[in-house]
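What follows is one structure encoded as C-alpha cells, with my remarks underneath.
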Amino acid sequence: MMIRIDAPSSRYERQLQDQLSQADRLSALPPRARELFLRLCMLRRHLARDANVPAYQVLSNRSLLALCEQQPQDLPGLTSIPGFAPTRVRAYGAEILSVLRGGWLEPSTE
C-alpha cells in the first residue's frame, strides 16, 4: 500500500498547519499586540483555573489572535470574534475588555 502526502489529509496534519498559520499571524503582530496576546493568555489561564476546565475551553488561540488583531472595545464588538457566542461574552467579556483596554481585573482568590 502506497500513501501519497500531497495535502493534509489527517486531522493531525490539519491541526499542525493551523498551528503554523497561527504562529505566522502572531509573529506578524506589532509588539504591543504580542504583549496583549500574552496578557490574554494569562487571563485565560486564570479563568480556566477558576472554572476547573482546560484553557482551550475558555478561549482558543484563534480567538486570542483575533482579539489582538481586532481589539474590540465593547461587548457587542466581542461577538465579531470567532468563538464568541453570547454566553461566552456574558461569562468572560468584562475581564477580556479590561485587558484589551490596558487594565487587569485581578482574579478572585476565593
Order of 90, 62, 44 under a 10 Å beta carbon neighbour criterion, fewest first:
90, 62, 44
Given labels modelled 7 Å from the Cα in the Cβ direction, how far is it in nm from residue 41 to residue 91?
2.2
Give me the distance in nm between label points sitting 7 Å out from Cα along the Cα-to-Cβ direction at residue 56 and residue 101, one decimal.
3.2
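With +1 on each Lys and Arg Cβ and -1 on each Asp and Glu Cβ, and nothing else charged, work out how big the dipole of the range 29-91 is about its Cα centre, in Debye to the nearest 20.
Working: 9 positive and 4 negative charges, 34 e Å.
I would put it at about 160 debye.
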Arranged by the count of other C-beta atoms within 10 angstrom, fewest first, what order do 41, 68 take?
41, 68
Rounded to the angstrom and largest first, Cα extents along the principal axes for the range 30-100 equal 32, 24, 19
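Can you work out the FRET efficiency for the pair residue 79 and residue 27, with r the C-beta to C-beta distance and R0 = 25 Å, to the nearest 0.05? Could the numbers behind the result be given before it?
Working: r = 27 Å, r/R0 = 1.09.
The calculated FRET efficiency here is 0.35.
Laboratory data are not the source of any read-out in this text; all were calculated from the coordinates shown. These numbers come from a predicted model, not from an experiment. Reconstructed Cβ throughout: ideal geometry from the backbone, glycine too, with neighbour counts over all protein chains shown.
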